[in-house]
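The values are calculated or read from the model by the stated rules, or taken from the named source; none is laboratory data. Bear in mind that the values here come from a model prediction, so they are computed numbers and not experimental data. Cβ atoms come from the backbone with ideal geometry, glycine included; neighbour counts cover every protein chain shown. Just the protein is used for accessible areas: all its heavy atoms, side chains included, with ligands, DNA and RNA removed. Shrake-Rupley method; radii C 1.70, N 1.55, O 1.52, S 1.80 Å.
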Amino acid sequence: MIDLHLHTNASDGSLDPDDLVDAAYRAGVHTLSVTDHDTMAGVQVAAGRATDLGLEFLPGVEITAVYECQDIHILGYFLDVSPPGVIGFLNSQQKSRVERARKIADKLANLGSPIDIDRLIEQAESRGRVVARPLIATFLVAAGHVNSEREAFDRWLGDQRPAYVPISGSSPSDVVRLISRVGGVSALAHPGLLGRDELIPSLSRAGLTALEAHHSAHNQSKRAHYTKLAARYGLAVSGGSDYHGDQHHRAKFLGAIGPSRDAFNALLNRLRQVHGVVHGSV
């Protein structure tokens, strides 16, 4: 099985990078990519563990872009565990997330559910984690304001809920261009969840490489739809479980969904071509 969409606790997953690779291995995954939100902090450790287990590993990231106040997730895949030109951009993304978290904390305080945002940020940065809403949810639970992280999202943090603050960021086309410029390839994450198929032509013109047709939130009809759209625009196909940990609702898809070997090889060939053009080697 091939899984190109996995999260560690460097962003909003529950497992350390090496433990995530172990879990993937036990689930029958032999080719994988760690694609944390706006950080590659867990990639090097995961790559090392994958090597120990004899697994094929592709360094990755899931970058948050913004279009009309909506999050658009662009998956980036590279041959390097720390691709030049990406880390600085991700650092700026993380600063934006910290600013957003402070705004959310202000809203929570005004709603009578304060959290220690300074401690949250310090804890996240000391552990190399991205400051994201799931971490805020854990602090709401610890403070006794809600009984579960799910309740935190349903009551306060979810999209359009009282403490919601839209994330700011680069446009999807700019993120696609950045990934290409540094020698990587890009895929539009879970387009069936996104529901913005009208973006695909412009992203393709910007250099988008693939559509994530195979995703745990896609039924067979959606997988077929996005496979056909990929062919229409000359794009490759990617896929993965979007696994965040055993307590996450997508846990059952680890080792059960992903692109075919032929689809993966097509994506990898495009990556090698782009990398070779940018870095002068393959």
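When the Kirkwood hydrodynamic radius is evaluated over all pairs of different C-alpha atoms of segment 135-223, what value in angstrom, to one decimal, is obtained?
15.6
Using a 1.4 Å probe on the protein heavy atoms, what percent of the accessible area of the chain belongs to carbon and sulfur?
Of the solvent-accessible surface of the chain, carbon and sulfur hold 47 percent.
Summing +1 for each Lys or Arg and -1 for each Asp or Glu, what net charge is found among the other residues whose Cβ lies under 14 Å from the Cβ of LEU235?
With Lys, Arg at +1 and Asp, Glu at -1, the neighbours total +2.
Quick one: grab the alpha carbon gyration tensor of the chain, order the square roots of its eigenvalues as a ≥ b ≥ c, and give me rounded if a/c is under 1.5, else prolate or oblate depending on whether a/b is larger than b/c.
prolate
Each residue of segment 248-258 in order: what ³J(HN,Hα) in whole Hz does its phi give by Karplus 6.51 cos²θ - 1.76 cosθ + 1.60, θ = phi - 60°, with x for Gly and Pro?
Result, rounded to whole Hz: 7, 5, 9, 4, 5, 8, 5, x, 10, 8, x.
Quick check for you: with a 1.4 Å probe and neighbouring chains kept, what is the accessible area per residue of the chain, in Å²?
It amounts to 43 Å² per residue over the chain.
Give the calculated FRET efficiency between THR138 and GLN70 to the nearest 0.05, with a Förster radius of 22 Å applied to their Cβ-Cβ distance.
0.30
Would you tally the net charge around VAL86, using a Cβ to Cβ cut-off of less than 11 Å, leaving VAL86 out, and scoring K and R as +1, D and E as -1?
Neighbourhood net charge equals -1.
Once you have a ≥ b ≥ c as the square roots of the Cα gyration tensor eigenvalues for segment 22-96, tell me rounded if a/c is under 1.5, and otherwise prolate or oblate according to whether a/b is larger than b/c.
Prolate shape, in that a/c is at least 1.5 and a/b is the bigger ratio.
Using Cα centres only, tell me the gap between segment 1-73 and segment 139-198 in whole Å.
17
How far is helix 261-279 tilted off the main Cα axis of the chain, in degrees rounded to 10, range 0 to 90?
Approximately 90 degrees, to the nearest ten.
List the aspartates and glutamates whose alpha-carbon lies under 17 Å from that of LYS228, not counting same-chain residues fewer than 8 positions away?
ASP197, GLU198, GLU212, ASP262
To the nearest 500 deg cm²/dmol, what mean residue ellipticity at 222 nm is calculated for the chain from DSSP H runs of n ≥ 4 alone, each contributing -39,500 (n - 2.57), summed and divided by the residues?
-13000 deg cm²/dmol
Out of ILE121, ILE74, ILE63, any idea which swings most in a Gaussian network model of the chain, alpha carbons joined below 10 Å?
Comparing ILE121, ILE74, ILE63 in a Gaussian network model of the chain, the most mobile one is ILE121.
Please give the net charge around LEU55, taking every other residue with its beta carbon less than 15 angstrom from that of LEU55, where Lys and Arg add +1 and Asp and Glu add -1.
-3
Top mean-square fluctuation among ASP36, ASP118, ASP80, Gaussian network model of the chain, C-alpha springs under 10 Å?
Answer for the Gaussian network model of the chain: ASP118.
Take the chain, connect every pair of alpha-carbon atoms lying under 10 Å apart with a spring to form a Gaussian network, then pick out the residue of SER221, SER168, SER82 with the largest mean-square fluctuation.
Per the Cα network of the chain with a 10 Å cutoff, SER221 tops the list.
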